[in-house]
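Enquirer: Handing you this structure, nothing more for now.
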Amino acid sequence: MRLSAARGLPDPWITVFLVATGGAVLLALGFSALYGLGLIGTPSRGLTLAHWQAVLTDRGFWIALGFSLGLTVATLTLCMASALAVVLLLAEQLRRPPLGTLIYLPLAVPGVVAALVSYQVLGDGGLLARIAHALGWISQPSEFPSLVFDRHGLGIVLIHWAMVTPFFVILLDHLMDHERIPEFRQLAQALGASEWAALRRVILPLLSRGALPLCTVYGVVLLAAFEVPLLIGARFPNMISVEIHERIGQFDLALRPQGFVMGTLYLVILAAAWWLGGRCLPARGVG
């Protein structure tokens, strides 16, 4: 944390920011926990653990949580592999226009916009389906496998991959310079290492030292994704954020406390993942 030059105290604006953001999270966590315990909200009949028991024994909750974790891991793996390939193959092009400029554009696209565009691209009557039909691969566009509302979450993974990969391309490109990886790569090859050995024993360890903490933090962001799963995800299984939204927003008020219990557990998981990533970041950050 940056310190005040006059008194050696934390910067007041950073303190205000931490109090505001941390206070909002703690307030949400406390409200969700109290609602889940039956102490506030409707219906409120006093302290009870029935809602917690119902959630912890609810198969749908664990399926949603596992589905979310699976899509998060799949997305991060695909993004990191794609970003690494781009950085290794197009390192010089990334440092000059037009690719050096275009790589930033996907970062400015909101999730809602990306989800709406996916209807026109990934659906069974979308752009990809019509291209496949024009090439004669399918007899009609409706035969194209729809990647929206699919129960495997392929559309969600593809949209997040398109949105997140540019971030990791920029990150890995910065790490390549910061860790002087091209020089170590040349040195390893001069000592007789093959391309694969240099990648496995030099490039990947150096990149992981700076990238893995940020992967953890970005994994928290993907785990909390809401707009894309809500708009193009299947009804079942849901991602955990959508499952919580549906439980809280249902007309059946008896299920609402269960939604807040899920929210409490969800916030605890996110906070734990964020804390773990934050502890690694100072020691392994990019500087």
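What follows is calculated from the coordinates using simple rules that are stated; it is not laboratory data. Just so it is clear, the model here is predicted, and its values are computed rather than measured. All Cβ positions, glycine included, derive from the backbone under ideal geometry; neighbour counts span all protein chains shown.
Enquirer: Where does the charge balance sit around residue 237 when Lys and Arg score +1, Asp and Glu -1, over other residues with C-beta under 15 Å from its C-beta?
Expert: Numbers: positive: 59, 151, 235, 247; negative: 58, 150, 243, 246.
Result for the neighbourhood of residue 237: 0.
Enquirer: Just to be sure I understand: if I project the alpha-carbon convex hull of the range 23-136 onto a plane and average over all orientations, what area do I get in nm²?
Expert: Numbers: hull surface 52.4 nm².
For the range 23-136, the mean projected area of the Cα convex hull comes to 13.1 nm².
Enquirer: At what distance in nm do the modelled label points of residue 151 and residue 24 sit from each other, each positioned 7 Å from its Cα along Cα→Cβ?
Expert: It is 3.7 nm.
Enquirer: Then there's this: Apply the Karplus parameterisation 6.51 cos²θ - 1.76 cosθ + 1.60, with θ equal to phi minus 60°, to every residue of the range 201-211 and state each ³J(HN,Hα) to the nearest whole Hz, in sequence, with x for glycine and proline.
Expert: 9, 10, 5, 4, x, 5, 5, 5, 4, x, 8
Enquirer: Right, next: Taking the Cα centre of the chain as the origin, how large is its charge dipole in debye, to the nearest 20, when only Lys and Arg (+1) and Asp and Glu (-1) carry charge on their Cβ atoms? Don't skip to the end; give the middle numbers.
Expert: Details: 18 positive and 15 negative charges, 122 e Å.
Roughly 580 debye, rounded to the nearest 20.
Enquirer: Considering the alpha-carbon set of the range 158-256 alone, what are its Rg and its Dmax in angstrom?
Expert: Taking only Cα atoms of the range 158-256, I get Rg and Dmax of 20.7, 69 Å.
Enquirer: Oh, and also: How large is log10 I(q)/I(0) at q = 0.09 Å⁻¹ when the Debye formula is applied to the Cα atoms of the range 59-284, each weighted equally and without solvent?
Expert: -0.48
Enquirer: For the range 65-71, take each phi angle, set θ = phi - 60°, evaluate the Karplus expression 6.51 cos²θ - 1.76 cosθ + 1.60, and give the result in whole Hz per residue in order, putting x for glycine and proline.
Expert: 5, x, 4, 5, 5, x, 5
Enquirer: Right, next: Could you give the nm distance between label points at residue 34 and residue 109, where each point is 7 Å from its Cα heading toward the beta carbon?
Expert: Taking the two extended label points, one gets 4.2 nm.
Enquirer: 7 Å from Cα along Cα→Cβ at both residue 119 and residue 137: what's the point-to-point distance in nm?
Expert: Roughly 2.4 nm, to one decimal.
Enquirer: Further question on the same structure: Could you work out the pair-distance distribution P(r) of the range 180-225 from its alpha-carbon pairs, with 10 angstrom bin width and percents rounded to whole numbers?
Expert: Per 10 Å bin, starting at 0, the Cα pair percentages come out as 27, 36, 21, 13, 3.
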